[in-house]
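J.: Sharing a structure with you now.
What follows is calculated from the coordinates using simple rules that are stated; it is not laboratory data. From a predicted model like this one, the values you see are computed outputs, not experimental measurements. Here the Cβ positions follow ideal geometry from the backbone for every residue, glycine too, while neighbour counts run over all protein chains shown.
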Amino acid sequence: MIATRTLLVVVFALALASMPAVASGAKAPAPIKILVSNDDGVKGAGMSALVSALRKEPKVTLTVVAPAVDRTGSGGKTTPGVLTATKSTTLAGFPAVAVDGYPADSVNYALEHLLTGKKKPALIISGINFGANIGPFVPISGTIGAARAGAARGLAALATSQGVGSPMGYAAGVKQTIAWLRTNRSSLKKGSVWNLNTPSCSAGKVRGSVKVKKSSSTFYDFNPFGMVDCSVKSRPLTNDVTAFFAGFAPLVNIGR
């Protein structure tokens, strides 16, 4: 009798092992094509850190096209005439294309010459930029200019930036950007532009992302280059500037 029971247990275990795995509650993400750019140039450290993280995400196809040199503060400027592009790599060695022009030029070149037809991406991520693009810095940001160029061509877009730190560590910005992608990749809205800014904390840790409105602050209302004490919890979260300096990563829908 004991031998028979043992045999039945073994047969049952073998049957279970041969059955297909039961799907967990999480649904596998659909494939997504992403165009990555920035305004710090094709060798930008923040963009390289982001690309390295994006490569680990499931079913993501990446194309990197960025200005050949740093084009910080160029907004949505474009170059008239024919653009020149050359093969390059990110700092970490991922294949990229360097465009002799502005951030918006890089996006336009990619969508006109490299990512046409079935290769067209669903999303552009611009960044991670060196320094926050909040309040009055939004209109002049080349990082945001690249995102808006993508939105003008029917892509969903995210501009992502990291507050200045010493040393400059992009891990916090990468974490917030990847979290945004995981939350939104299945519900992207064509033509939308989101602006995400992650502080570099002198104390404490980033307190998460929060959706707020853009501030009407001027260039003289705050120091955008200072590190943030993320341990302070008494400041109001009325807009991107106050949220940023309260230790949060503000997320603003800035449209086109």
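J.: Could you please let me know if Gly208 is at positive phi and crowded, with 23+ Cβ neighbours inside 10 Å?
T.: no
J.: Look through Ser186, Ser231, Ser217, Ser202 and report the one residue that is among the polar types (S, T, N, Q) and under 26 Å from Val51 (Cβ atoms).
T.: Going through Ser186, Ser231, Ser217, Ser202 in turn, the sole match is Ser186.
J.: Now for a different question. Could you pull out every one of the strands (runs of 3 or more DSSP E) wholly within the range 181-256 that has 2 or more residues that are in contact (Cβ under 8 Å) with a residue 12 or more places away in the chain and within 22 Å of Leu155 (Cβ to Cβ)?
T.: Filter on the range 181-256 gives 193-198, 209-211, 249-253.
J.: Checking the condition under 14 Å from Thr143 (Cβ atoms), touching a residue at least 24 places away in the same chain (Cβ under 8 Å) and either out of contact with any Asp or Glu (no Cβ under 7 Å at 6 or more places or on another chain) or hydroxyl-bearing (Ser, Thr, Tyr) (or both), which residue from Thr61, Thr90, Thr72, Thr78 passes?
T.: Only one candidate qualifies: Thr72.
J.: May I pose another question? So, restricting to strands (runs of 3 or more DSSP E) that lie completely within the range 59-166, which ones have at least 2 residues that are surrounded by fewer than 21 Cβ atoms within 10 Å (Cβ to Cβ), of a type outside the set (Phe, Trp, Tyr) and within 15 Å of the chain's Cα centre (by Cα)?
T.: Fully inside the range 59-166 and qualifying: 60-67.
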